[in-house]
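Asker: Before anything else, here's the structure in question.
The values are calculated or read from the model by the stated rules, or taken from the named source; none is laboratory data. Remember, predicted model here, so these are calculated numbers, not experimental data. Here the Cβ positions follow ideal geometry from the backbone for every residue, glycine too, while neighbour counts run over all protein chains shown. For the accessible areas, the whole protein counts, side chains as well, though only heavy atoms, and no ligand, DNA or RNA atoms are used. Shrake-Rupley method; radii C 1.70, N 1.55, O 1.52, S 1.80 Å.
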Amino acid sequence: MKRTALTMQQLQEQAAAVTENTEHRRKLIIEYHRRIVLPVGCLVISLLGLPLGLQARPGRKAIGFQVGLALFVLYYILFTMATTMAEEDILPIVPSLWAPNILFLALAGFWIVRVTNEKSLFPETLTRAMRAAGSRITTPTKRLIAKITTFADREDEAAQHEREAQSKAR
């Protein structure tokens with residue numbers, strides 16, 4: 001019987017029946033915890049949405065949707081990495097599967113406290129650092145785009161002149 005078709009109790013019983021740390025036993029325990037971790041993860045991610053939604057006020061830039069989407073993708077990546085590490089027996093099963101939930105719950109708690117105290121989600125020092133890093137990335141990118149655009153415009157002009165010359169020659 002496939003482990004996804006087993007009940008929670010059957011997963012526990014089959015995992016307890018295997019005494020050695022085999023791949024089969026690890027997969028049974030991982031499936032058991034995955035069935036608990038994912039619903040709890042949904043709750044934790046929804047708790048993260050609370051401070052993100054409260055940040056959208058008149059005169060303030062709403063960042064909730066973008067940050068929420070990025071956090072969801074980050075959660076999925078962390079959960080997938082943790083599952084893989086548990087399957088490969090690199091990390092213990094329980095801590096690795098529960099780590100993304102604990103991390104995101106701590107972040108949700110931190111943000112809820114900041115919003116309750118009417119502060120921004122990110123501390124000012126982090127905001128300044130992100131802006132500085134962003135300008136270091138965006139300024140060269142803007143220059144590169146301007147050069148590419150200028151080059152493409154010159155190519156378009158040259159092609160236009162060539163077409164005009166060919167049409168006059170006919």
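Asker: So if I take the centroid of the Cα atoms in the stretch 1-27 and the same for the stretch 145-170, what is the distance between those two points in Å?
Answerer: Rounded to whole Å, the Cα centres lie 68 Å apart.
Asker: When N is the residue count of the stretch 87-158, what does its C-alpha Rg come to as a fraction of 2.2 N^0.38 Å?
Answerer: Working it through for the stretch 87-158, the quotient is 2.00.
Asker: Please enumerate, by chain and number, the lysines with C-alpha under 18 Å from the C-alpha of residue 119, excluding those fewer than 8 residues away in the same chain.
Answerer: 61
Asker: Determine the calculated [θ] at 222 nm for the chain from helices alone, applying -39500 (n - 2.57) to every DSSP H run no shorter than 4 residues and normalising by the residue count; nearest 500 deg cm²/dmol.
Answerer: Here the helix-only value at 222 nm equals -28500 deg cm²/dmol.
Asker: Once the Cα gyration tensor of the chain is diagonalised, what are the square roots of 5 times its eigenvalues, in whole Å and ordered largest first, as equivalent ellipsoid semi-axes?
Answerer: Result for the chain: semi-axes of 50, 28, 14 Å.
Asker: Find, to one decimal place in angstroms, the Kirkwood hydrodynamic radius of the stretch 62-101, where the mean of 1/r is taken over every pair of different Cα atoms and then inverted.
Answerer: 10.8 Å
Asker: Let me ask you something else. For the chain, give the percent of accessible area contributed by carbon and sulfur heavy atoms, probe 1.4 Å, rounded to a whole number. Show your work: numbers first, answer last.
Answerer: Numbers: 7660 of 11990 Å².
Percent of accessible area from carbon and sulfur atoms in the chain: 64.
Asker: Then there is this: Just 74, 107, 126 to compare: in a GNM of the chain, with alpha carbon springs under 10 Å, which one fluctuates most?
Answerer: With Cα springs under 10 Å in the chain, the top fluctuation among 74, 107, 126 is at 126.
Asker: Here's something else I'd like to know. Select from 150, 139, 167 the residue farthest towards the positive end of the dipole of the stretch 119-170; place +1 on Cβ of Lys and Arg, -1 on Cβ of Asp and Glu, and compute about the Cα centre.
Answerer: Towards the positive end, the residue furthest out is 139.
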